[in-house]
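Colleague: Got a structure for you, written out below as structure tokens; questions coming shortly.
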Amino acid sequence: MPNDHYYTSAPTSAHKEASVEVEYRGHKLHFDTDSGVFSRTELDRGTEVLLDTLEEVSGSVLDMGCGWGIIGVAVGKNWPDTQITMADINQRACALSAANARKNGVAAEVLESDGYEKVLGRSYDLILQNPPIRAGKAVIYQMFADAARCLNPGGELRLVIRKQQGAPSAITYLRTLFDSVETIEKKSGFWIISCRDAISANE
């Protein structure tokens, strides 16, 4: 059996299509999912907690590591004036995200990107991420550093990490990248971390 991970570029696992329904702030959203992508059968709890912390969203939004597209689609549906970009290394995830955006009437750009490879040089008002913890600390810490380079002045990186999967040590590292790092929610073992004021941008 192929040893695919959700951060595999080209999954070879047999297709196992499924569907997921999510209600987000009064919007009933419908998603197609498949094997080889993260949380194929349901909205994972960490992403749910992250989405629940959002207040008013505007401007350009990057859903990094979009999977089947729940974050980008939910934000685009509830705040239709936002400009949504979704990115993932996983080709299957990108195809699902593009299809799910169309299915739910959300305009979004979807990029196949190894981490921030395809978005370096761009900038966003808000980056949302449920990092691929299983890819290892070196990978996700590089993603954090790249996120700091891709924020507009006043922009925010908001991410979710489970406490026992390294949230405290991630905060220590994030404080080398951002002047403001705040844990804004702790629920079900998940920490929601808000990062603002990239240090390199202030030098």
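The values are calculated or read from the model by the stated rules, or taken from the named source; none is laboratory data. All of these numbers come straight from a predicted model, not from anything done at the bench. Methodologically, a virtual Cβ is constructed for each residue, glycine included, from the backbone with ideal geometry; neighbour enumeration extends over all protein chains shown. In case anyone asks, the SASA skips ligands and DNA or RNA and just uses the protein heavy atoms, side chains included. Shrake-Rupley method; radii C 1.70, N 1.55, O 1.52, S 1.80 Å.
Colleague: Before we move on, is G72 surrounded by fewer than 21 Cβ atoms within 10 Å (Cβ to Cβ) and either free of Cβ contacts under 8 Å to residues at least 24 places away in the same chain or not in a strand (DSSP E or B) (or both)?
Modeller: no
Colleague: State yes or no: is N152 outside any helix (DSSP H, G or I) and farther than 20 Å from W191 by Cα?
Modeller: In short, yes.
Colleague: Can you tell me how many residues within segment 89-121 are touching a strand residue (DSSP E or B) at 6+ places or on another chain (Cβ under 8 Å) and part of a strand (DSSP E or B)?
Modeller: 5
Colleague: With the structure loaded, tell me whether V110 is under 28 Å from G154 (Cβ atoms), open to solvent by 10 Å² or more (accessible area, probe 1.4 Å), among the hydrophobic types (A, V, I, L, M, F, W, C) and touching a Cys at 6+ places or on another chain (Cβ under 7 Å) or whether it fails that test.
Modeller: For V110, the condition - under 28 Å from G154 (Cβ atoms), open to solvent by 10 Å² or more (accessible area, probe 1.4 Å), among the hydrophobic types (A, V, I, L, M, F, W, C) and touching a Cys at 6+ places or on another chain (Cβ under 7 Å) - is met.
Colleague: With respect to D125, determine if the residue is of a type in the set (D, E), crowded, with 16+ Cβ neighbours inside 10 Å and in contact (Cβ under 8 Å) with a residue 60 or more places away in the chain.
Modeller: Considered against the rule, which asks whether it is of a type in the set (D, E), crowded, with 16+ Cβ neighbours inside 10 Å and in contact (Cβ under 8 Å) with a residue 60 or more places away in the chain, D125 comes out as yes.
Colleague: Return a yes/no flag: does segment 178-185 have any residue that is among the aromatic types (F, W, Y) and either more than 24 Å from R45 (Cα to Cα) or in contact with a Gly (Cβ under 8 Å, 6 or more places away or on another chain) (or both).
Modeller: yes
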